[in-house]
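Notes follow the structure.
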Amino acid sequence: MSIKGKAYIMGAYEHPTRHAPDKSTAQLHAECARGALEDAGLSKDDIDGYFCGSDAPGFGAMSMADYLGLRKVRHLDSTDVGGSSYILHVGHAAEAIAAGKCSVALITLAGRPRSENTGPGRAGGERGGGNPRFAAAPEAAFEGPYGGSTHNLYGMCAMRHMYEYGTTSEQLAWIKVAASHHAQYNEHALLREVVTVEDVLNSPMIADPLHRLDCCVVTDGGGALIVTNPDVARRLKRPRVRILGAGEAPKGSYGGRNLDLTHSGAVWSGPRAFEEAAIKPSDIKYVSIYDSFTITVLMQIEDLGFCEKGKGGRFVADGNLISGVGKLPFNTDGGGLCSNHPANRGGMTKVIEAVRQLRGEAHPKVQVSNCDLALAHGTGGSLGTRHGAATVIMERE
């Protein structure tokens, strides 16, 4: 069963806060849910499907559905693949709607890592910080003694990519430069200052070859999405964003056997989404790419087919990712590198900005002309070990 054209994103909301010491995580979920419902023109009584990650307070979807007062829910999903969960949830919501399991699905994300001081750059919300799930993972006793952390695992991928393909730190820096050009127009972005390649290279080294400005921000906040069936979508007075295709895949370390650190799970999730959507990478007008680190973006752009493997460095250089300048505008809200990485899980904001672009609601300075096809993709976990990949392709109707 294909989900193509069988579900629409009709509500999207990103919490404006980046620091919420006075709010609980559950409260942030509720505020995001309310914002998305108001955006769609619906009420909580319309919701019959609910999706969140297992990082939500209490017992995930079960606790949050009760807290949010969702009395008519008949389909729950708290599948967790780290930061890519909320991109995957869009695909799962479309599947549930196509199967008749629900008609209006709510997806929420929220967290307070900045207020709780859980540490910088925990890409995908999976590693470090005393995460009990990681401590109990089957691989922990074998990998933990070697001191892997988020930063050095991504640094390892970057170093290997440089060794294999000649990628340079200057090329990686262009990804941050592009994000900063976009963030200057986002009033809610944590970092709004435009930076140069030299600024990135002169920032402190965190995990060779990654500098501090190669790393994402840490923020509180969250976001929410409303996905509906076509009948509900046609009744609402909002621009319709149709879901064309979705793909998902895990990638493991395979016990170290034949592990290629230069590719991500996007090599499998991307083609599946493109096949279902019946389009090719060159048709896409805008991309939201998970940007926990600059190397994350470069590898995913290659793996999704926007350029040949190993040529990502040249592809992202010289402003090619800047809206209005380059041929592949990305993360026009400033992304996780400059604007927002709520709960250390950036997949939600990737979908939200793609929706803004397709609706024509991005900031005028970064709005992509004639943006009718967009892609959101993310990883959750760690590129250097195991992670989940999720891809969603959307169309303006």
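Output the residues belonging to region 1-16 that are assigned to a loop (DSSP other than H, G, I, E, B) and either in contact with a helix residue (DSSP H, G or I) (Cβ under 8 Å, 6 or more places away or on another chain) or of a type in the set (Gly, Ala, Ser) (or both). MET1, SER2, ILE3, LYS4, GLY5, LYS6, ALA7, HIS15 - these are the residues of region 1-16 that are assigned to a loop (DSSP other than H, G, I, E, B) and either in contact with a helix residue (DSSP H, G or I) (Cβ under 8 Å, 6 or more places away or on another chain) or of a type in the set (Gly, Ala, Ser) (or both).
Against the numbered list (1) in contact (Cβ under 8 Å) with a residue 60 or more places away in the chain; (2) farther than 30 Å from CYS157 by Cα, ARG234 comes up short only at (1). Residues that are buried (at least 20 other Cβ atoms within 10 Å of the Cβ) and touching a Leu at 6+ places or on another chain (Cβ under 6 Å) number at least 1 in the following helices (runs of 4 or more DSSP H) confined to region 163-271: 169-183, 197-202.
Working carefully through the options THR150, THR167, find the one that is modelled with pLDDT under 95, closer than 30 Å to GLN357 by Cβ and of a type in the set (S, T, N, Q). None of the others qualify; the one that does is THR150.
Residues in region 187-204: is at least one over 30 Å from GLY223 (Cα atoms) and either aromatic (Phe, Trp, Tyr) or in contact (Cβ under 8 Å) with a residue 60 or more places away in the chain (or both)? Within region 187-204, none of the residues are over 30 Å from GLY223 (Cα atoms) and either aromatic (Phe, Trp, Tyr) or in contact (Cβ under 8 Å) with a residue 60 or more places away in the chain (or both). Among the residues of region 63-85, none qualifies, meaning not one is open to solvent by 40 Å² or more (accessible area, probe 1.4 Å) and on the phi > 0 side of the Ramachandran plot.
Looking at GLY83, is it closer than 22 Å to PRO342 by Cβ and in contact with a helix residue (DSSP H, G or I) (Cβ under 6 Å, 6 or more places away or on another chain)? Yes.
Close Cβ contacts (under 6 Å, 6 or more residues apart or on different chains) running from residues in region 140-161 that are within 15 Å of SER253 (Cβ to Cβ) to residues that are of a type in the set (Val, Ile, Thr) and part of a helix (DSSP H, G or I) comprise TYR154/ILE295; CYS157/ILE295.
The values are calculated or read from the model by the stated rules, or taken from the named source; none is laboratory data. Worth saying up front: this structure is predicted, and the values here are computed from it rather than measured. Reconstructed Cβ throughout: ideal geometry from the backbone, glycine too, with neighbour counts over all protein chains shown. Areas reflect the complete protein model, heavy atoms only, side chains present, ligands, DNA and RNA absent. Shrake-Rupley method; radii C 1.70, N 1.55, O 1.52, S 1.80 Å.
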